[in-house]
Every structure is written in C-alpha cells, then in structure tokens.
1. Looking for whichever is surrounded by fewer than 15 Cβ atoms within 10 Å (Cβ to Cβ), modelled with pLDDT of 95 or more, assigned to a loop (DSSP other than H, G, I, E, B) and on the phi < 0 side of the Ramachandran plot here; the options are Glu253, Glu257. Which one fits?
2. Among the listed residues Phe200, Phe190, identify the single one that is part of a helix (DSSP H, G or I), of a type outside the set (D, E, K, R) and more than 24 Å from Gly297 (Cβ to Cβ).
3. Being of a type outside the set (Val, Ile, Thr), over 24 Å from Ser192 (Cα atoms) and either modelled with pLDDT under 95 or in contact with a strand residue (DSSP E or B) (Cβ under 7 Å, 6 or more places away or on another chain) (or both), is that true of even one residue in the stretch 90-108?
4. Identify, from the list Asp276, Asp282, Asp231, the residue that is touching a Gly at 6+ places or on another chain (Cβ under 8 Å) and exposed (fewer than 15 other Cβ atoms within 10 Å of the Cβ).
5. Which of the residues spanning the stretch 234-250 are in a helix (DSSP H, G or I), surrounded by 16 or more Cβ atoms within 10 Å (Cβ to Cβ) and not β-branched (Val, Ile, Thr)?
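The values are calculated or read from the model by the stated rules, or taken from the named source; none is laboratory data. Please read these numbers as outputs of a predicted model, since none were measured by experiment. Cβ placement follows ideal geometry from the backbone for every residue including glycine, while neighbour counts extend to all protein chains displayed.
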Amino acid sequence: MRATGRSHSLGVMSRGSAGAAPCGHWFGTSPRRSTTSRSLGRDPGEEAKVPGPRARPCVPVRAGAPGRGEGRRGGRHSATVRDVSTEEAPTRGHAQRQAWERWREYDADPAADLPRILGAALVAFAEHGYHGTSIRDVAAASGLSVPGVYHHFRSKQEILRALMDATMDELLGRCEAALRDAGADPAARFDSLVESFVRFHMFRRPQAFVGSSEIRSLEADNRAAYVARRDAAQRLLEEAVADGVAAGGFSAEHPDEVARAISSLCVGVASWYRPDGPLTPDQLVQRHLVLARRMAGAPA
C-alpha cells in the first residue's frame, strides 16, 4: 500500500513517538542527546566485534513472514520484520533500484523495504536511541537469536552503519532518478530534486531522525564515510541552483547559501509532517516548490 497521507504541523515529536524526527537539518551537525539513557537489557561485551569474515547482509522477507504487531515471542519493539534469506541477496539491490525509479512512490511503512534486522533496529534506535538499545533488543524484535543477529552483523555499530548507509542509498537513488526524469532543463531538474527531497522526508521520518540524532554514535571511520555521502546529497542541490543561475533562469546572488537554505526547508518536513493532516503530499510538495523557487530567484 502506497502512502497517500496528509500533513500538518504538530511540532517536534518526543523520542517515544513512532516516526519522530527532530527539527533541524539532519545533513548538518546533529543535536546532542543525553548519553545517560538506561540500557534496555544490554549484554556485557555486546559492542565487541565478532572475529571472522565480514558478515553477510540480511535481506528482505519471503512471503508470509510475520509483520508489525504480530507478536513475535520476546519482541520489545514493533518493527516490521522480515525473513532472512541469503539466497535473495544478489537480487535485492537490483529490485530496490528499480523501485527507486518510481521515485514519487513510497510504501506507507518506512521499514517496509529494509531487511529484517535493519527494520527492527530502525524502530528501536528511533524510540530508545542507539545507546539505549541492545543487540538482544534487536534480536528479539526481529525474531532472531542473538547469535542469529551476529551471523549477519559483527556488532551493533555495524548495524547502525548499515542502516544509515541504506538511508543514504535510498535518498541518493531517488534523487538521481528524479534528475533523470527531469531531463536537461535546469528549472525542471531543480523542481524534481526539491520534490524528491520533500517526499523523502515526508515518508522516511524515522530514517531522518536516526540519521540526525545518531551521527554522533558512529565511530570515526563510519562517521567520515556517512558525512561524505550526506555532503554528496547536498551537492546535488548546490549544483541544481548553480545551473539555474548559469542558465539565466535563477537570480540567486549566493547559490550555495540558497541551496543550504532549501535543503533545510526540505529536511524540516520530517519534524512536523503527519499523514492525517489537512494537506495532501502533492499539495505540500507544491507549496514547498513555490518557496524553493522564490529562494532561488526563479519564477514561482
């Protein structure tokens, strides 16, 4: 089922609210959260990496796997969980890229396209934070044993890195598809890119929240890799504004600053969008396009 929700502003949701996202720019420095969160049953030494070859990825479910709210034994979180089938791993990336070509379409469940373990981790990290979630919590929510989780990921840090990589894969994949659809016209490329950013932050609010709040929880090498991809997304907007100025359609005097402001405008949607609000997604997109065009000095 594809999302057809409406939107309205309710302010920033608390961490305990499903799908919460912070106000502000998750491409930038994230707000620091207290590190005194009570551990939810963390096992001693669970952060230690398991020796051996790099873990194999977890992949989506086969038909018939239990989903959200179906009462997996011992589950603490309500993640949509998916069966593990390593035989499907080679085809998963191709299927996702095909889905991203339909860049305006989103499943109503933000975790629907994630592998089982990452879907459970997304919900747990959004609700309790990285440091408030244990490997045992993720295992219970995904219907696996702790050794079962370690079969696919060597540490909780590796799960966080994989989840944030998956978020950037989707954001960049959808934006690139939007640019391909737009063709060569700078104004059309700008509009499609802004629309893609807005829709992503409407329908991927938990990913936006974790991407902002848990960047500080990434180890140095992982953080550097994530920031590089985050900056690549920002450059897409910078290039779109600069191309519009070069073509004579935009009058922005400071294209880079305008691009950052537009990015903040789009990302901010994740902090207040609600599916039951008075605006449809298409109406919300159109209003943000008017604002973005004015900021870039383009005809509204």
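1. Being surrounded by fewer than 15 Cβ atoms within 10 Å (Cβ to Cβ), modelled with pLDDT of 95 or more, assigned to a loop (DSSP other than H, G, I, E, B) and on the phi < 0 side of the Ramachandran plot holds for just one of Glu253, Glu257, which is Glu253.
2. Of Phe200, Phe190, the one residue that is part of a helix (DSSP H, G or I), of a type outside the set (D, E, K, R) and more than 24 Å from Gly297 (Cβ to Cβ) is Phe200.
3. yes
4. Of the residues listed, the single one that is touching a Gly at 6+ places or on another chain (Cβ under 8 Å) and exposed (fewer than 15 other Cβ atoms within 10 Å of the Cβ) is Asp276.
5. Gln234, Leu236, Leu237, Glu238, Glu239, Ala240, Ala242, Asp243, Gly244
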